[in-house]
There are 2 protein chains.
Amino acid sequence: MANIRIGILGYGNLGRGVELACRANDDMELVAVFTRRDPASVVTLTGVESRHVDELPDFVDKIDVLVLGGGSATDLPEQTPAYAKLFNVVDSFDTHARIPEHFANVDAAAREAGKVAVISVGWDPGMFSVARVYANAILPQGADYTFWGRGVSQGHSDAIRRIPGVVDARQYTVPVPEALEAVRAGENPSLTTRQKHTRECFVAIEEGADAAAIERAIVEMPNYFADYDTTVTFVSAEELARDHAGLPHGGSVIRTGATGLEGQNKHVIEFKLDLDSNPEFTGSVLAACARAAYRMAQAGQTGCKTIFDIAPAMLSPLSPEELRAHML
Amino acid sequence: MANIRIGILGYGNLGRGVELACRANDDMELVAVFTRRDPASVVTLTGVESRHVDELPDFVDKIDVLVLGGGSATDLPEQTPAYAKLFNVVDSFDTHARIPEHFANVDAAAREAGKVAVISVGWDPGMFSVARVYANAILPQGADYTFWGRGVSQGHSDAIRRIPGVVDARQYTVPVPEALEAVRAGENPSLTTRQKHTRECFVAIEEGADAAAIERAIVEMPNYFADYDTTVTFVSAEELARDHAGLPHGGSVIRTGATGLEGQNKHVIEFKLDLDSNPEFTGSVLAACARAAYRMAQAGQTGCKTIFDIAPAMLSPLSPEELRAHML
């Protein structure tokens, strides 16, 4: 099988996840990791070489797909359109409200350069999104629910870390079991934000800091915590490092709908993820989408694509014949 | 929105399911139901007209997609290639072992006629298959599990009905809860047929029939029951009609896999269906695939397709812009 030559831009948790996914896929070859840091300071997990980002233009003929491991706030809005002028690219842009704008920018760049750019892949957006599209296409009359967790929200953990006196923090988003069960039972409940998820915070604070004030600052924080039942547990920095080092996540996309002459038959479609490592799973999705980007480019397609535009067979290392014989 | 003009060949449970799905989709118009019976004897649920199958060639310009509601044993191997010469078609061919052969026959016919034929859609094969492909593409190192039920197996119910002395029967396939939980917990168990599912049979027998002999004939029946823990409950024909009239089904496709430098991070992907009406849900999948067949044909594609070849956006009534704005 022809090797797909992959580059990774950005070597944080997600970049490492993509690196490991390349190793797990026999048809992929990771050429190099590109970083804004001094490459000599970036030692990769699998021993692949690190290069400075400024060297990327020299790799135009050496890389088939560049996977972007940057963040959605500032990195990807710049990087994805810029690098789509040179490479087929894949990103995990996840600012839902700005996806149409990001799509337009990336599409213009990729079309002009004759490249394929796959944006907003991972699990949400990504696999959760595609689960919603299938379920809505099958059951046009129904209701959608998304539950996240139990898992670490990095945005919420960061918000706690910004409170004065906080040394470190880890925030778990937890679905309310009763809400999840009511949805799964097809009861079609109307649920407020508070009824769907709780937030559990594990916080290490400076010696002498005002724990009560910090707890209040957390639970009353608008947007992040005020609309949720939030619990705060103070732990030592050592405990936090020991017991909360992982980045688990997951959740469920559920659509409930009805068919029948009188709508008497209920159906529940659920897509559920239970992930020990959010960045490694996300990196694995990005790698599969890099394969699809490569194949779409080989087939002469250009422009920006989302997971909705990718036929599932394009993601698989198996041939169409193998897929039909073994997976159908 | 342009109406997609649908025809249905075969008016059994599945044909009715497709009929109801056409009513539920605003962009579809059901033109007629076609039957091998006397059309005057076929009164449809929604009042759409019934026509004799021999009239189908007259509808070549009046129908965009013909949905085939026949069975996999004898109907579809003949009908799908035959009607792919005249129409874009969709079928639910589900004899897994014969799919490659069916694909080849249908592909040749559809290509020659310049039509699109979507085969083997429904939920298994169909949505379960596509769940397997996504999960395998994301987690190349892992194990696949499929559990069916709790739900009515028509094939097993029919097998019981063929035993002398049996008036009517209904067989439920039931996943073993402990097996399902072990898989969901990521324990990656090796499971025998017996450890995965049990079979519950509700049987009405003739007056004076030998219940013990019938029970033995069921539980010892090779292929169907001998490899399972099977329970037989004798009920009256009235009870069977009253309490077991529905055709519920469902199940779960689960892939468990690992990532990480040492494979230390476990992931569980589950796609789960809980369906009150197997034929109505299957009909709803066929209708969504009819939309995709229409669009692929409009785009100039020809030949046989499976759910693996269909970009998810093609199944949805929403535009690409709407999908990105609301579903991603």
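The values are calculated or read from the model by the stated rules, or taken from the named source; none is laboratory data. Here the structure is a predicted model, which is why all the values come from computation and not from measurement. Note: ideal-geometry Cβ built from the backbone for every residue, glycine included; neighbour counts use all protein chains shown. Just the protein is used for accessible areas: all its heavy atoms, side chains included, with ligands, DNA and RNA removed. Shrake-Rupley method; radii C 1.70, N 1.55, O 1.52, S 1.80 Å.
Evaluate peptide B:251-262: per residue, the Cβ atoms of other protein chains within 10 Å of its Cβ; return the mean as an integer.
Partner-chain Cβ atoms within 10 Å, mean over residues of B:251-262: 3.
How much of B:E262 can a 1.4 Å solvent probe reach, expressed as accessible area in Å² and rounded to 10?
Accessible area of B:E262: about 150 Å².
At a Cα cut-off below 24 Å, give the lysines reachable from B:K266, other chains included and same-chain residues fewer than 8 away excluded.
Cα-Cα hits under 24 Å: A:K272, B:K196.
Determine ³J(HN,Hα), in whole Hz, for all residues of the range A:156-166 in sequence, where each value follows from phi through the Karplus function 6.51 cos²θ - 1.76 cosθ + 1.60 and θ = phi - 60°; x replaces Gly and Pro.
Residue by residue, the range A:156-166 yields 6, 4, 4, 4, 5, 4, 6, 6, x, x, 8 Hz.
Computed FRET efficiency, Cβ-Cβ of A:E29 and A:Q301, R0 22 Å: what is it to the nearest 0.05?
Numbers: r = 22 Å, r/R0 = 1.01.
Result of the calculation: an efficiency of 0.50.
To one decimal place, what orientation-averaged projected area in nm² is obtained for the convex hull of the Cα set of chain B?
Values: hull surface 78.8 nm².
Result: 19.7 nm².
Heavy atoms only, probe 1.4 Å: what % of the accessible area of the range A:61-173 goes to carbon and sulfur, would you let me know? Please report the intermediate quantities before stating the final value.
On the way: 1890 of 3910 Å².
Ligands and nucleic acids excluded, carbon and sulfur reach 48 percent.
Taking each residue of A:283-292 in turn, how many C-beta atoms of other protein chains fall within 10 Å of its C-beta, and what is the average? Don't skip to the end; give the middle numbers.
Working: counts 2, 8, 4, 1, 3, 6, 2, 0, 1, 1.
Other-chain Cβ atoms within 10 Å of each residue's Cβ, averaged: 3.
Please report the spacing between the Cα centers of the range A:77-91 and the range A:1-24 in Å, no decimals.
Using only Cα atoms, the two centres lie 16 Å from each other.
Taking amide H positions as placed in the peptide plane 1.01 Å from N, state which residues far from B:S277 in sequence (5 or more) or on other chains have amide H under 5 Å from it.
For B:S277, the qualifying residues are B:H249.
Per residue, how many Å² of accessible area does chain B show with a 1.4 Å probe? Intermediate values should be presented prior to the final figure.
Numbers: 13200 Å² over 328 residues.
Accessible area per residue: 40 Å².
Using a probe radius of 1.4 Å on protein heavy atoms only, what is the accessible area buried between chains A and B, both sides summed, to the nearest 100 Å²?
Numbers: alone 15990 and 16000 Å², together 26390 Å².
The contact between B and A buries close to 5600 Å².
Tell me the distances, shortest first, between A:E262 and the same position across the other copies, using label points 7 Å along Cα→Cβ, in nm to one decimal.
6.1
Calculate how large, on average over all directions, the projected area of the Cα convex hull of the range B:272-327 is; give the answer in nm² to one decimal. If you can, show how the numbers build up before the last one.
Values: hull surface 19.8 nm².
The number I arrive at for the range B:272-327 is 4.9 nm².
Across peptide A:67-79, how many C-beta atoms of other chains are within 10 Å of each residue C-beta, on average? It would help to have the intermediate numbers written out before the result.
Numbers: counts 0, 0, 0, 0, 0, 0, 0, 0, 0, 0, 0, 0, 0.
Taking the mean over all residues of the peptide, I get 0.
With every protein chain in place, what's the accessible area of A:E321 (1.4 Å probe, Å², nearest 10)?
For A:E321, the solvent-accessible surface is approximately 110 Å².
Tally Lys and Arg at +1 and Asp and Glu at -1 over the other residues with C-beta under 14 Å from the C-beta of B:G260: what net charge comes out? Intermediate values should be presented prior to the final figure.
Details: positive: A:R16, A:R23, B:K266; negative: A:E19, A:D276, A:E280, B:E262.
Residues close to B:G260 contribute a combined charge of -1.
Pull up the cross-link candidates among the aspartates and glutamates for A:K85, meaning alpha carbon to alpha carbon under 17 Å and not fewer than 8 places away within one chain.
A:D54, A:E55, A:D58, A:D61, A:D64, A:D75, A:D107, A:E112
Mind pulling up the Rg/Rh value for the range A:176-328? Radius of gyration and Kirkwood radius, both on Cα.
Numbers: Rg = 22.4 Å, Rh = 20.3 Å.
Using only Cα positions, Rg/Rh for the range A:176-328 is 1.10.
Given the range A:200-276 reduced to its alpha-carbon atoms as identical point scatterers, what log10 I(q)/I(0) does the Debye formula return at q = 0.12, 0.14, 0.17, 0.18 Å⁻¹?
Evaluating at q = 0.12, 0.14, 0.17, 0.18 Å⁻¹ gives log10 I(q)/I(0) of -0.59, -0.70, -0.84, -0.89.
How charged is the neighbourhood of A:R111? Take every other residue with its Cβ under 15 Å from the Cβ of A:R111, and add Lys/Arg as +1 and Asp/Glu as -1.
On the way: positive: A:K85, A:K115, A:K305; negative: A:D107, A:E112, A:D309.
Spelling it out: positives minus negatives among the neighbours equals 0.
Determine, from the Cβ-Cβ distance of B:T95 and B:R36 and an R0 of 30 Å, the FRET efficiency 1/(1 + (r/R0)^6), rounded to the nearest 0.05. It would help to have the intermediate numbers written out before the result.
Working: r = 21 Å, r/R0 = 0.70.
Plugging the Cβ-Cβ distance into 1/(1 + (r/R0)^6) gives 0.90.
When the label point is put 7 Å from the Cα of A:T233 along its Cα-to-beta-carbon vector, which residues of the range A:191-227 have a backbone N closer than 11 Å?
Inside the label zone: A:200-203.
Given the rule -39500 (n - 2.57) for each run of at least 4 DSSP H residues, summed and divided by the residues of chain A, what is its mean residue ellipticity at 222 nm, to the nearest 500 deg cm²/dmol? Walk me through the numbers on the way to the answer.
Numbers: 11 runs with 112 residues, N = 328.
Mean residue ellipticity at 222 nm (helix-derived): -10000 deg cm²/dmol.
Quick one: if the Förster radius is 56 Å, what FRET efficiency do A:V43 and B:V43 give, using the C-beta to C-beta distance and rounding to 0.05? Display every interim value, and only then the final one.
Details: r = 74 Å, r/R0 = 1.32.
It comes to 0.15.
Give, as a single signed number, the net charge of other residues whose beta carbon lies under 10 Å from the beta carbon of A:R161, with Lys and Arg counted +1 and Asp and Glu -1.
Details: positive: A:R162, A:R170; negative: A:D158, A:D168.
Residues close to A:R161 contribute a combined charge of 0.
What translational diffusion coefficient, in µm²/s and rounded to a whole number, does the Stokes-Einstein relation yield for the protein assembly as shown at 4 °C and a viscosity of 1.567 mPa s, taking the hydrodynamic radius as the Kirkwood radius over Cα pairs? Before the final figure, lay out each step's value.
Details: Rh = 26.7 Å.
In µm²/s, the coefficient is 49.
The range A:306-328 to the range B:232-257: how many Å between their Cα centroids?
32 Å
Tell me the accessible surface of B:W148 in square angstrom (1.4 angstrom probe, heavy atoms of protein chains only), to the nearest ten.
Solvent-accessible area, nearest 10 Å²: 90 Å².
Considering only DSSP beta bridges with both partners in the range B:1-53, what is the antiparallel share in %, to the nearest 5?
Details: 0 of 9 bridges.
Of the beta bridges lying entirely in the range B:1-53, close to 0 percent run antiparallel.
Run the label-point distances for B:E29 please: 7 Å along Cα to Cβ, every other copy, nanometres, shortest first.
Reported distances to equivalent positions: 5.6 nm.
Which whole-number percent of Cα pairs in the range A:1-145 have a distance greater than 19 Å?
55 percent
Can you compute 3J(HN,Hα) from phi for each residue in the range A:184-189, using the Karplus curve 6.51 cos²θ - 1.76 cosθ + 1.60 with θ = phi - 60°, rounded to whole Hz and x for Gly and Pro?
Karplus values, whole Hz, x for Gly and Pro: 4, 7, x, 6, 6, x.
Rank B:K85, B:K272 by accessible area, highest first, at a 1.4 Å probe radius?
Details: B:K85 125, B:K272 60 Å².
The most accessible residue leads, giving B:K85, B:K272.
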